[in-house]
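Shown next, in structure tokens, is the structure this report addresses.
The values are calculated or read from the model by the stated rules, or taken from the named source; none is laboratory data. Just so you know, these numbers come straight off a predicted model, no measurement behind them. Every residue, glycine as well, gets a Cβ built from its backbone with ideal geometry; the counts of neighbours run over all protein chains shown.
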Amino acid sequence: MRAESASRRHTGTSSRLHSRDLAGEALAGLLQRPGRSVLTMLGTVLGIGGFVAIVGLSQTASGQIGSTFNRLDATQVTVADTAAGKASTPTLDFPPDADALADQINGVIAAGVWWNVPFTQAAVSSRPPADQTGQTGQSGQLGMPVIAATPGALTASGAVLQSGVLFNQFHESRDQNVAVIGADAATQLGIFDLADQPAIFIQGQPFTVVGIISGDQRIPQLNLGVSVPESTALRLWGPPQQGATAQMIIHTRLGAARVVARQAPIALRPDNPGLLTATAPVSPTQLQHSVTKSLNTLFLALAGIALLVGMIGIASTTLVAVLERVGEIGLRRALGARPVHIAAQFLAESTALGLFGGLIGASLGVVAVLAVTIYHNWTALLDPRIVLAAPAAGAVIGLLAGLYPALRAGTVEPADALRR
């Protein structure tokens, strides 16, 4: 190429630099000092790799949030008795027919009221008080949570029966002393079979165990203790106390939760809806946005800093290369190369550094996303446009970083360069 340029200069024709020759010269310039070229690309590799990894992990995390925010969460509404928590005397602001009123709201599958009976230490035993020995175990008293609940609360909570039945509206309407206990509580009390209608004693009051539940999806307390009808709890122990106010759990159809939350306080207490406060599930889109926004802001800033460092590294290395190769530049100018050709060569070198850094960084970013998702058994989500655009972004960074060194190389005068 150089001989061709010189001959064209002697014949009076203008010098040309073909793209193939430009690529060859740029590659030769990078391979002259491979160690320095690799170190120069490091900043771009880190920046592009960090960007791809951050975007991929953010999209993957958003997908996991979407799957975690499942049908169970999206179909639950909670109505709290907020006024009772501020009252000086114990009160219950849910009406006696709260379950039926809530069931009339369009989109409600089941609803019920529940609260923790505020015993300082609930004494639960499988033996009458006269037979208790004072020791924990089958014959002694156990400290267990006692939950007052309407039949609708057990249905809405998703309680899964292990044996027996759940107490129903018949038990509720007649204030019967019946109880449903969790499987763990049944084991501690030594109750394994309901055929003989075993009894337990709560604060000395006898209750017939009608059911044992193996799990509850929405009210975890039911798994650990004893549940009794709301009417029975009101008769024996009065309304809920401050710090243990009543609340309603509503199981809705998918997509109806937010509408039900707006209508529930009015349907339950049309005379004073302000006594109750309904809470709807957070929108999955809002949840994803809030999580990914805070995640992206921090790590994208770090990726931007790495890219800036990479740009400065390419610019400084290219400028050093220009100063080191002043003699070569002068010789090429003397053989007929124009300033634009010299500038184009160094610009091509810096662009190649950015391009290779972008390719390596994008590859490492994808590997990082795959490694994290495999480790956590997630489903990897990554926009392919991000991966394809990453090398181009690296090339643009290299191009911008090489502008000043390339212009500096193009202004070198042949005579001055050859005298050095």
Identify the residue in the range 212-248 that is in contact with a Phe, Trp or Tyr (Cβ under 7 Å, 6 or more places away or on another chain) and of a type outside the set (S, T, N, Q) and, among all such residues, is farthest from Ala149 (Cα to Cα). Ala244
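From the list Val180, Val146, Val160, which residue is modelled with pLDDT of 95 or more and under 41 Å from the mean Cα position of the chain (by Cα)?
Numbers: Val146 fails: modelled with pLDDT of 95 or more; Val160 fails: modelled with pLDDT of 95 or more.
Among Val180, Val146, Val160, only Val180 is modelled with pLDDT of 95 or more and under 41 Å from the mean Cα position of the chain (by Cα).
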So in the range 109-143, with the set limited to residues that are aliphatic (A, V, I, L, M) and within 20 Å of Thr187 (Cβ to Cβ), which one is modelled with the highest pLDDT? Val124
Inspect the range 65-79 for any residue being assigned by TED's automatic domain parsing to the domain that holds Leu236, of a type in the set (A, V, I, L, M, F, W, C) and modelled with pLDDT of 80 or more and give the result as yes or no. yes
State whether the residues of the range 381-394 include one that is touching a helix residue (DSSP H, G or I) at 6+ places or on another chain (Cβ under 9 Å), farther than 18 Å from Gly304 by Cα and part of a helix (DSSP H, G or I). yes
Would you call Ala371 under 23 Å from Leu359 (Cα atoms) and either at pLDDT below 75 or crowded, with 18+ Cβ neighbours inside 10 Å (or both)? no
Among what's in the range 276-310 and is within 25 Å of Val259 (Cβ to Cβ) and crowded, with 18+ Cβ neighbours inside 10 Å, pick the residue that is modelled with the lowest pLDDT. Gln288
Those residues that are basic (Lys, Arg) and either crowded, with 17+ Cβ neighbours inside 10 Å or touching a Ser or Thr at 6+ places or on another chain (Cβ under 9 Å) (or both), I need them from the range 224-256; list them, please. Arg253
Output for the range 191-221, where each listed residue is touching a Pro at 6+ places or on another chain (Cβ under 9 Å) and touching a residue at least 40 places away in the same chain (Cβ under 8 Å): Ile191, Ala199, Ile200, Phe201, Gly204, Pro206, Val209, Gln221
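Look through the range 311-354, keep the residues that are charged (D, E, K, R) and out of contact with any helix residue (DSSP H, G or I) (no Cβ under 7 Å at 6 or more places or on another chain), and return whichever of them is surrounded by the fewest Cβ atoms within 10 Å (Cβ to Cβ). Let's see the steps before the verdict.
Of the residues in the range 311-354, the ones charged (D, E, K, R) are 324-325, 328, 332-333, 338, 349.
Filter once more, so that each one left must be out of contact with any helix residue (DSSP H, G or I) (no Cβ under 7 Å at 6 or more places or on another chain): 324-325, 328, 338.
Numbers: Glu324: 11, Arg325: 20, Glu328: 17, Arg338: 17.
Within the range 311-354, the match that is surrounded by the fewest Cβ atoms within 10 Å (Cβ to Cβ) is Glu324.
Out of everything in the range 323-343 that is outside any helix (DSSP H, G or I) and not charged (D, E, K, R), what residue ends up being nearest to Tyr404 (Cα to Cα)?
Start the filter on the range 323-343 by keeping residues that are outside any helix (DSSP H, G or I), which leaves 325, 335-338.
Those left that are additionally not charged (D, E, K, R): 335-337.
Numbers: Leu335: 24, Gly336: 23, Ala337: 19 Å.
Taking the candidates together, the pick is Ala337.
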Restricting the search to the range 148-171, which residues are surrounded by 23 or more Cβ atoms within 10 Å (Cβ to Cβ) and either over 26 Å from Arg253 (Cβ atoms) or outside the structural domain of Asp184 (by TED's automatic domain parsing) (or both)? Ala148
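Restrict the check to the range 332-345 and report whether at least one residue is closer than 19 Å to Leu39 by Cα, modelled with pLDDT of 80 or more and aliphatic (A, V, I, L, M).
Of the residues in the range 332-345, the ones closer than 19 Å to Leu39 by Cα are none.
Among the residues of the range 332-345, not one is closer than 19 Å to Leu39 by Cα, modelled with pLDDT of 80 or more and aliphatic (A, V, I, L, M), which makes the answer no.
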Any hit, the range 242-253, residues being more than 17 Å from Phe94 (Cβ to Cβ) and free of Cβ contacts under 8 Å to residues at least 40 places away in the same chain: no
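Please tell me if Pro270 is assigned to a loop (DSSP other than H, G, I, E, B) and modelled with pLDDT of 90 or more. Spell out the reasoning first.
Values: assigned to a loop (DSSP other than H, G, I, E, B): yes; modelled with pLDDT of 90 or more: yes.
Criteria met by Pro270.
I'd like to know if the range 192-209 contains one or more residues that are within 10 Å of Ser157 (Cβ to Cβ) and in a strand (DSSP E or B). Don't jump to the end; show me each part of the working.
Restricting attention to the range 192-209, the residues satisfying the condition of being within 10 Å of Ser157 (Cβ to Cβ) are none.
No, there is no match, as no residue in the range 192-209 is within 10 Å of Ser157 (Cβ to Cβ) and in a strand (DSSP E or B).
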Test: residue in the range 172-184 that is farther than 21 Å from Val79 by Cα, free of Cβ contacts under 8 Å to residues at least 24 places away in the same chain and assigned to a helix (DSSP H, G or I): no
